Amino acid sequence: MTDRTDYTPAAATPPSRRAARDTILGLTKQDFSLLLVVIALAMLAPFLLNPFPSNSAMAQFNAGYPDLMQRFVIFGIFAIGFNILFGLTGYLSFGHAAFLGVGSYSCVWMFKLLGYNVLPGILLSIVVSGLFALLIGYVSLRRSGIYFSILTLAFAQMSFALAYSVLSNPAFNLTNGETGLQVYTSDPQWLQGDGPRAPHLFGLAMRETETLSIGAWNFQFNAGYYLCAVIMVVCFYLSVRLFRSPFGMMLRAVKSNQQRLNYTGVNARPYTLAAFVISGMYAGLAGGLLSAMDPLAGAERMQWTASGEVVLMTILGGAGTLIGPVLGAGFIKYFENIFSKINESTLHAWFSFLPDGLEDALVAIVYPFVGKGWHLTLGLLFMLVVIFLPGGLVQGGNKMATIFRRDRKGGGVEDDAATQRQAGE
Amino acid sequence: MEAFLLQILNGLDKGSAYALIALGLTLIFGTLGVVNFAHGALFMLGAFVAVTLSRLLQLSHKASEPSGTDFLGNPRYDDVLYVEDIFGPELGQALLDWAVPVSILVAIPVMLLIGFVMERGLIKHFYKRPHADQILVTFGLAIVLQEVIKYFYGANPIPTPAPDAFRGSFDFGVLLGFDPNTIIYPYWRLVYFVFAAIIIAAVFAFLQFTTFGMVVRAGMADRETVGLLGIDIDRRFTIMFGIAAAVAGLAGVMYTPINPPNYHMGMDFLVLSFVVVVVGGMGSLPGAVLAGFLLGILESFASTTWATTAVPGINQIIIYLVAIVVLLTRPRGLMGRRGVMEE
């Protein structure tokens with residue numbers, strides 16, 4: 001695991017070289033521990049997300065069931081990819097959902113043509129969305145700033161309109177329009193053979209779930225979730241390597257001052273295009289996984305509200321940080337699920353310990369923000385984060401940590417804050 | 001020829017809405033340098049001012065005197081509108097019938113106020129932040145406004161009819177010497193176009209012929225110098241933000257009879273209006289108006305059966321296609337000037 005065989009004494013090498021050598025899997029110690037944290041979170045998610053016994057009233061806050069956990073990691077991948085573009089280069093794409101949609105469609109097409117093995121579907125979704133991103137990126141990246149945002153938005157809306165209506169005409173039905181693309185028994189499925197009639201990886205059905213019951217707790221281990229989680233960890237690792245590479249440094253230079261970069265004789269466009277394509281491939285992979293978990297792809301995945309959602313996740317978690325997008329994706333998907341479930345009677349049950357008048361008043365105040373009103377909460381939260389915490393949850397966490405340390409130790413705060421920030425990045 | 005004219009007319013009403021929203025967006029870009037993603041929400045709020053007013057006018061109470069008996073012999077009480085109590089039956093009915101045009105009078109102060117509050121309360125703090133932050137915070141605000149409207153008015157479109165006098169259609173063909181019934185155009189769309197033209201003319205006249213407008217134009221050209229001359233340019237820009245909000249709001253008020261308002265109409269128009277602004281040229285007011293009408297008409301031509309059979313689905317994507325072509329061939333848009341919102 002470690003490459004300490006060629007380790008040279010510290011005194012012999014200059015500090016910078018030493019830092020470069022002293023790595024695990026190509027990561028510095030800090031990054032590696034971050035990776036370990038992500039691996040632990042991803043692998044132990046069925047336990048961590050199920051802290052309440054299933055017969056208790058708090059069970060509704062559990063999130064440890066397969067469908068939701070899959071969403072956490074899939075949207076985590078989407079957000080990690082978006083962050084490579086937005087966090088590093090500062091180019092705000094408002095059309096990333098187009099790649100998610102293209103990935104979804106490609107994966108379902110593989111199911112229709114080859115059979116239910118997810119591997120070809122996922123691979124094709126990466127390739128197709130990469131090509132698609134190359135095309136859109138080549139055109140959009142000729143402009144920057146607000147123009148880039150609007151161009152990507154226009155492309156995504158165009159793809160959405162095409163997928164929704166044009167590409168579903170009977171002669172050339174690529175997307176199946178409003179119904180959504182799905183697998184029918186009349187589809188060829190050349191390589192299907194007698195494998196499972198649902199998405200599977202070489203025979204291991206994606207929806208296969210082992211349930212472990214300990215007392216009142218039920219922990220569910222789902223094959224599909226673990227496939228997505230492993231892919232997410234790999235994606236995360238790749239993004240860490242990318243962040244720390246000279247290429248990542250170049251992208252940061254684009255963000256901090258593109259003009260200056262141009263004056264030094266560097267053509268920034270190949271770098272931004274590469275970042276755009278990589279991030280489009282991440283989005284396509286996420287789309288492919290969505291289809292692999294549930295073999296149905298609809299055009300609404302490409303709508304610009306979906307593009308807005310990934311922007312929200314990235315900003316909320318902390319754009320430009322490594323762990324931020326994953327946190328943001330989990331946070332939004334978790335609260336989307338929990339908040340949408342709460343209805344008026346649940347609220348009444350919560351506040352039932354209060355006097356009647358007060359109970360009704362509290363329910364009336366809280367009710368608009370939960371259930372169907374979840375988007376209102378989301379919009380408010382988003383505004384608050386942009387206004388007060390432009391660095392997202394990660395920055396918030398760092399601030400808290402700083403305050404904590406100041407209380408305990410007094411001095412040395414600035415140093416700690418600086419290292420924290422580096423760790424987060 | 002008739003078909004050609006008809007398509008131009010059909011494009012005018014949507015084009016008017018695009019032009020009005022794009023005009024407001026451009027005013028905000030030009031003065032404050034802020035990218036306002038909540039502008040579509042302002043359009044939507046305007047439409048819901050009209051909805052609210054027409055609902056208020058329909059409030060009624062039971063009459064104190066029975067007007068007769070129903071078939072069981074019980075006394076029957078009619079519903080009496082409050083407006084009829086206050087203004088008398090005739091004026092009351094007229095007010096109810098003309099609810100949409102009357103809403104203009106209400107919408108102007110309301111939208112100005114919303115504009116001021118938005119600028120002072122939120123946008124002001126984002127002048128120095130990057131454009132991405134401005135986009136994001138106004139996007140968040142748009143979501144919030146739209147969800148608030150959804151909470152109070154529900155998710156379904158709310159039909160709000162035009163006054164009786166403007167229902168029905170106008171036979172344009174006869175006027176121009178064509179056969180009857182070849183070019184038929186609803187009266188209200190005509191009203192909308194004329195109304196939009198008046199608003200646009202008023203905004204331009206205001207900027208061109210008043211001292212206030214002159215100062216604002218000077219501020220758009222060079223904010224710092226105007227500030228150094230001892231003029232409180234920020235205050236004037238705030239007022240311009242209010243005016244831009246009012247323009248979007250009025251566009252929404254008058255659009256209600258054409259398209260029943262729902263909570264996401266703002267978002268639907270916003271994306272297209274941005275495209276319009278970009279095609280017209282960022283920061284150019286005539287460009288925004290021109291591009292608004294051009295794209296509206298182009299869209300209506302693309303929706304003809306002739307166009308859709310030639311290229312299926314062209315009506316869905318034509319505006320985006322044009323925007324992409326324009327941005328790539330004329331990066332500053334049709335009438336964009338050098339140095340305005342370049343990067």
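For the reader, a short list of remarks on this structure follows.
- In this structure, the amide hydrogen of A:LEU25, modeled 1.01 Å from its nitrogen in the peptide plane, lies closer than 5 angstrom to those of A:ASP3, counting only residues at least 5 positions away or on a different chain.
- Average Cα contact separation per residue, segment B:189-343, under 8 Å, 6 or more apart, as relative contact order %: 18 percent
- In range of the label at A:PHE47: residues from segment A:203-217 whose backbone nitrogen is under 19 Å from the point 7 Å along Cα→Cβ: A:210-217
- Neighbouring partner chain Cβ atoms per residue of A:163-173, average, 10 Å criterion: 2
- Relative contact order, percent, chain B [alpha-carbon distance under 8 Å, six or more residues apart]: 34 percent
- Cβ neighbours within 10 Å from other chains - mean over B:145-155: 3
- If you model the protein assembly as shown as an ellipsoid using its alpha carbon gyration tensor, with each semi-axis the square root of five times an eigenvalue, the axes come out at 48, 33, 30 Å, biggest first.
- Inverse mean reciprocal Cα-Cα distance (Kirkwood Rh) of segment A:44-302, Å: 19.6 Å
- Listed peptides B:97-103, A:307-313, A:55-61 by packing density, highest first (mean Cβ within 10 Å): A:307-313, B:97-103, A:55-61
- Total lysine pairs under 19 Å (Cα atoms) in chain A, excluding pairs fewer than 8 apart on one chain: 4
- FRET E, pair B:ALA94, B:SER64, Förster distance 30 Å, beta-carbon r, rounded to 0.05: 0.80
- For segment B:61-72, putting each phi into the Karplus relation 6.51 cos²θ - 1.76 cosθ + 1.60 with θ = phi - 60° gives couplings of 9, 6, 5, 6, 9, x, 8, x, 10, 7, 5, 8 Hz, in residue order, rounded to whole numbers and with x for Gly and Pro.
- Shape summary of segment B:62-201, radius of gyration then Dmax from alpha carbon positions: 23.3, 73 Å.
- Taking the inverse of the mean 1/r over every pair of distinct Cα atoms in chain B gives a Kirkwood hydrodynamic radius of 21.8 Å.
- Protection proxy ranking, peptides B:4-15, B:245-256, average beta carbon neighbours within 10 Å, highest first: B:245-256, B:4-15
- Chains A and B together bury roughly 3600 Å² of accessible area, counting both sides, with a 1.4 Å probe on protein heavy atoms only.
- Ratio of the Cα radius of gyration of segment A:223-366 to 2.2 N^0.38 Å, where N counts its residues: 1.47
- If you wrap segment B:56-111 in the convex hull of its Cα atoms and look at it from every side, the mean projected area works out to 4.9 nm².
- Relative contact order (%) - criterion: Cα under 8 Å, at least six apart; region: chain A: 25 percent
- Here, segment A:367-409 is characterised by an Rg to Rh ratio of 1.21, where Rg is the alpha-carbon radius of gyration and Rh the Kirkwood radius.
- Computed from the C-alpha gyration tensor, the three semi-axes of the ellipsoid equivalent to segment A:59-154 are 28, 21, 10 Å, from longest to shortest.
- Helices meeting the span-like rule in chain B (full DSSP H runs, Cα extent of at least 24 Å along the helix axis, mean Kyte-Doolittle score of -1.0 or higher): B:2-32, B:39-57, B:99-121, B:131-153, B:187-209, B:233-255, B:285-302.
- For segment A:218-235, putting each phi into the Karplus relation 6.51 cos²θ - 1.76 cosθ + 1.60 with θ = phi - 60° gives couplings of 10, 9, 10, 10, 10, 4, x, 4, 5, 4, 4, 5, 4, 4, 5, 5, 4, 4 Hz, in residue order, rounded to whole numbers and with x for Gly and Pro.
- Environment charge at A:GLY330 (Cβ cut-off 15 Å; Lys +1, Arg +1, Asp -1, Glu -1): -1
The values are calculated or read from the model by the stated rules, or taken from the named source; none is laboratory data. Every value quoted in this text rests on a predicted model; they were computed, and no experiment measured them. Cβ sites come from the backbone with ideal geometry, for glycine too, and all protein chains shown count toward neighbours. The accessibility values were calculated without ligands, DNA or RNA, using every heavy atom of the protein model including side chains. Shrake-Rupley method; radii C 1.70, N 1.55, O 1.52, S 1.80 Å.
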